[in-house]
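The values are calculated or read from the model by the stated rules, or taken from the named source; none is laboratory data. This one's a predicted model, so the numbers in the text were calculated from it and none came from an experiment. Don't worry about glycine lacking a Cβ; one is built from the backbone with ideal geometry, like all the others, and counts go over all protein chains shown.
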Amino acid sequence: MQKIATTLGTTVDYLISGGNEEQITDKELLQQFKEVQLLDKEDKHLVKTFIDAFLTKRKVQKLAQ
């Protein structure tokens, strides 16, 4: 099942549930997230903190417009 999902560029969950989960369509971003999953706990936390900071900055910028 995993080989089929990989070949189709999706997940086993997606194949089973029929699309009840959100999918990341940006292949480069998906690969980056896969690599982040391999990091240790502290590095993962750091990446999440950077993402949160960036998203918060964007939200604040939109509010300021």
statement: Filtering the stretch 3-51 down to residues that are among the hydroxyl-bearing types (Ser, Thr, Tyr) and loosely packed, with under 12 Cβ neighbours inside 10 Å yields THR6, THR7, SER17, THR25, THR49
- line: Expected single match for at pLDDT 90 or above and either outside any helix (DSSP H, G or I) or at positive phi (or both) among LEU39, LEU29, LEU46 is LEU39
message: For the stretch 15-36, check the following and say yes or no: at least one residue is of a type in the set (Lys, Arg) and under 15 Å from the mean Cα position of the chain (by Cα).
response: yes
